1. Name every residue in region 149-163 that is within 12 Å of residue 128 (Cα to Cα) and open to solvent by 90 Å² or more (accessible area, probe 1.4 Å), in order of residue number.
2. For region 20-28, indicate whether the set of residues that are in contact with a His (Cβ under 8 Å, 6 or more places away or on another chain), outside any helix (DSSP H, G or I), closer than 24 Å to residue 167 by Cα and modelled with pLDDT under 85 is non-empty.
3. Looking only at region 31-47, which residues are under 18 Å from the mean Cα position of the chain (by Cα), exposed (fewer than 14 other Cβ atoms within 10 Å of the Cβ) and not acidic (Asp, Glu)?
4. Is it the case that residue 41 is touching a Gly at 6+ places or on another chain (Cβ under 8 Å), closer than 20 Å to residue 109 by Cα and not in a helix (DSSP H, G or I)?
5. When only residues in region 61-74 that are under 12 Å from the mean Cα position of the chain (by Cα) and surrounded by 18 or more Cβ atoms within 10 Å (Cβ to Cβ) count, which is modelled with the lowest pLDDT?
6. Among the listed residues 149, 131, which satisfies the condition of being at negative phi, part of a loop (DSSP other than H, G, I, E, B) and not aromatic (Phe, Trp, Tyr)?
7. List, please: which pairs have Cβ atoms under 7 Å, are six or more places apart or on different chains, and start with a residue in region 64-90 that is over 13 Å from residue 109 (Cβ atoms) and end with one that is assigned to a helix (DSSP H, G or I) and open to solvent by 50 Å² or more (accessible area, probe 1.4 Å)?
8. Assess whether residue 50 counts as being modelled with pLDDT of 85 or more and either surrounded by fewer than 13 Cβ atoms within 10 Å (Cβ to Cβ) or small (Gly, Ala, Ser) (or both).
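The values are calculated or read from the model by the stated rules, or taken from the named source; none is laboratory data. Computed from a predicted model, the values in this text were never measured in an experiment. Here Cβ is always computed from backbone atoms with ideal geometry, including for glycine, and neighbour counts include all displayed protein chains. When the accessible area is computed, the model is the full protein with side chains, heavy atoms only, and any ligands, DNA or RNA have been set aside. Shrake-Rupley method; radii C 1.70, N 1.55, O 1.52, S 1.80 Å.
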Amino acid sequence: ATRLEELPVALVASAGSIPRRQAHPLVGELACHPGTRRAVLEPLSAEGTARRVREAWLPGAPASACRAIHDASGGNPLLIDEIAGELVACNGSAGLTASGVRVLAPARVCEWALAHAAGLDPAAPALLKALAIFGPGAEIRHVAALARLDSEQAATLADGLIEAGLLRADEPLSF
């Protein structure tokens, strides 16, 4: 990075959703380098989500479905595309209600979340699976029991999953 300042070259790096405590030390060094320009990608707005859904996936998507996709994805373009793609695969009209969108769990998103969780801690996927069974609003003690974890371990895992962006920083637990 130091030598690149004098050259017509750009170095682009992404930390993604790696929790800071697990990031490689070089990530911190690059972030603090004087030549570093940080760009934080903000989620799409509700209007941006609706535009993406209608332009790329479902031209006739009703506002309620677009809003439900936005709420379910948090404005994350990857999740928007996976949810909309799942709707298209289900012939679109079958799940275009807000309640239909809320129950979708695209397989690629589930696989990615479980793999990402496993990279954080081998026991983390069990916590996510248990939460998926209980659903949003589950108490951590119930999720921990189903995942066969003690409460302290489950709380530590939940904190890591929150930091990684896989769980919301809410009480009770939710995706």
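1. The answer is none; no residue qualifies.
2. no
3. Correct list: 40, 41, 45.
4. Spelling it out, it is not the case that residue 41 is touching a Gly at 6+ places or on another chain (Cβ under 8 Å), closer than 20 Å to residue 109 by Cα and not in a helix (DSSP H, G or I).
5. The residue in question is 72.
6. Answer to the selection: 149.
7. 68/102
8. So residue 50 fits the description; yes.
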